[in-house]
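A.B. asks: I'd like to ask you about the structure that follows.
No lab work stands behind these numbers, since they all come straight from the coordinates. Quantities reported herein were computed from a predicted structural model and do not represent experimental measurements. With ideal geometry, Cβ positions are generated from the backbone for all residues, glycine too; neighbour counts draw on all protein chains shown.
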Ligand code: UGA
């Protein structure tokens, strides 16, 4: 019988998912967590925990001086969350995207194979690319077989090379194939997670306040609301997304850790198909909830405007049209069932951003 891990190594623990995961792990004082991340602002409140040790350094650096190898040798489980995962960068910084998502991850999983350490590797739902429906003229999602995404049967369909948006998904695809091959040929225990738009507090930076550039859609819309500027709908906001609470996502990971035999040598979609909406609907819901949270009813009619993807993201952007996960595997093997509905997720997240940023003035950008 495979025992549940006690010693965790988290790569990228300072990010959105990592910060929530380490918070949950810290509720069990019998667990030991080592983390690697140059940025720890999201986990300041945990830094004095005796069972948490952090290397506040870049992955390249801990790899170069042997620290990473020593930590992987000691760990029962490695959870790799370190990567560029922001669509605005896939077509504007494709080299950095490919390096971060593929080449930086290879030495990590090679070391896991060397020491036979279980690795939970984060991938993406974006790996499915566009739905088969979207390639069939006139088909409007007529058949779930053409759009519902199953880990073991659905083909991975990405656009042409010049559409560099796919640099991220393609890197994750090769990484998944490499991890799978290490499991198959070298018996390295692995679990791959394909997340579906995890939302929650601390998800992204707010441009002009604590970061610069274009974050993911939730933070883009939050910025527009905070700054009283129009929310921008890329290409009409017709793309669909399924939104998953970060708390449900962390529950799924805790179940994996509790049930290694069910979780190992598997790829899991972690998403909530009940929470599907278009990006246009997301904008409308967010402005209504923001009106309630801020106590200012005028936000209910906050302006929403259309922009082209070329103007918003630059050339080489292409979107995933729809992402509906089949979560049968996670339900059956892990006993996981997402609990949080879309309005509760948005209310919690918007409240967090409102409390954290509404009193914080926008900074003038340097240069
Ligand atoms: C991204 C990543 O690529 C996924 O790997 C990751 O799993 C996912 O985020 C996530 O958060 O889990 P995506 O959903 O395309 O995927 O990222 P967003 O930037 O949040 O965009 C969602 C949709 O909103 C896209 O259709 C985009 O064009 C649109 N959008 C974005 C707007 O209409 N307006 C904006 O201001 C920003």
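A.B. asks: For the chain, take the longest principal axis of its alpha carbons; what is the angle in degrees between that and the long axis of helix 217-227, to the nearest 10 within 0 to 90?
C.D. replies: 50 degrees
A.B. asks: In nm, what is the difference between 0.36 nm times the number of residues separating residue 261 and residue 30 and their Cα-Cα distance?
C.D. replies: 81.1 nm
A.B. asks: Sticking with this structure for a sec: Take 273, 360 and order them by how many other Cβ atoms sit within 10 Å, fewest up front.
C.D. replies: 360, 273
A.B. asks: Considering the chain as a Gaussian network with a 10 Å cut-off on Cα pairs, which listed residue, 313, 168, 352, attains the greatest mean-square fluctuation?
C.D. replies: 352
A.B. asks: Mind checking the angle between helix 246-258 and the chain's longest principal axis? C-alpha axes, 0 to 90 degrees, to the nearest 10.
C.D. replies: So the inclination is approximately 10 degrees.
A.B. asks: Can you bin region 159-210 into rounded, prolate or oblate? Criterion: square roots of the alpha carbon gyration tensor eigenvalues sorted a ≥ b ≥ c, rounded for a/c under 1.5, prolate for a/b above b/c, oblate for the rest.
C.D. replies: The shape class here is oblate.
A.B. asks: Now for a separate question. How big is the antiparallel share of DSSP beta bridges in the chain, given as a percent to the nearest 5?
C.D. replies: Taking every DSSP beta bridge within the chain, about 10 percent pair in antiparallel fashion.
A.B. asks: Separate question: Please label the shape of region 274-328 as rounded, prolate or oblate, based on the square roots a ≥ b ≥ c of the eigenvalues of the alpha-carbon gyration tensor (a/c under 1.5 means rounded; beyond that, a/b larger than b/c means prolate, else oblate).
C.D. replies: Oblate.
A.B. asks: Classify region 278-367: rounded, prolate or oblate, from the alpha-carbon gyration tensor (a ≥ b ≥ c, eigenvalue square roots; a/c under 1.5 rounded; otherwise prolate if a/b is larger than b/c)?
C.D. replies: Here region 278-367 falls in the oblate category.
A.B. asks: How would 194, 216 line up from fewest to most surrounding beta-carbon atoms within 10 angstrom?
C.D. replies: Exposure proxy ranking, most exposed first: 216, 194.
A.B. asks: Divide by every residue of the chain the summed helix terms, -39500 (n - 2.57) for each DSSP H run of at least 4, and state the resulting mean residue ellipticity at 222 nm, rounded to the nearest 500 deg cm²/dmol.
C.D. replies: -10500 deg cm²/dmol
A.B. asks: On to the next question. For residue 174 and residue 132, FRET efficiency with R0 = 25 Å and r from the beta-carbon atoms, rounded to 0.05?
C.D. replies: With R0 = 25 Å, the Cβ-Cβ based efficiency is 0.70.
A.B. asks: Would you mind checking the tilt of helix 342-357 against the longest principal axis of the Cα atoms of the chain, expressed as 0 to 90 degrees and rounded to 10?
C.D. replies: 90 degrees
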